[in-house]
Amino acid sequence: MTMLQQLGIDRMSTAERLALVQEILDSVAADQPRPPLSEAKREELRRRLADAISNPADGVPWVQVEAAARVRFSQ
């Protein structure tokens, strides 16, 4: 008897098995230490934060970005 059979995974639908695989991959990724940011990336984050603080009206709310992306990519 395989582990899939022992756990009953072989009786799951394809969608359920894919969701399980994604959960397993996410849990493995969460256990991995994050590599440190390079100084260039750290500086870019500082620059973007300073820009956002200096120009708060330039930002676009996430709901607008998401709505526009849905319209653009659903066509």
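Please treat every number below as a calculation from the coordinates, not as lab data. Predicted, not measured: the structure shown is a model, and the values here were computed from it.
What does the extension gain come out to for residue 19 and residue 38, with contour length at 0.36 nm per residue minus their alpha carbon separation?
Gain in length upon complete extension: 3.5 nm.
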Binning at 10 Å from 0, report for the range 1-56 what percent of all alpha-carbon pair distances ends up in each bin.
19, 22, 20, 17, 15, 7, 0
222 nm mean residue ellipticity, helices alone, for the chain (DSSP H n ≥ 4; -39,500 (n - 2.57); rounded to 500)
-21500 deg cm²/dmol
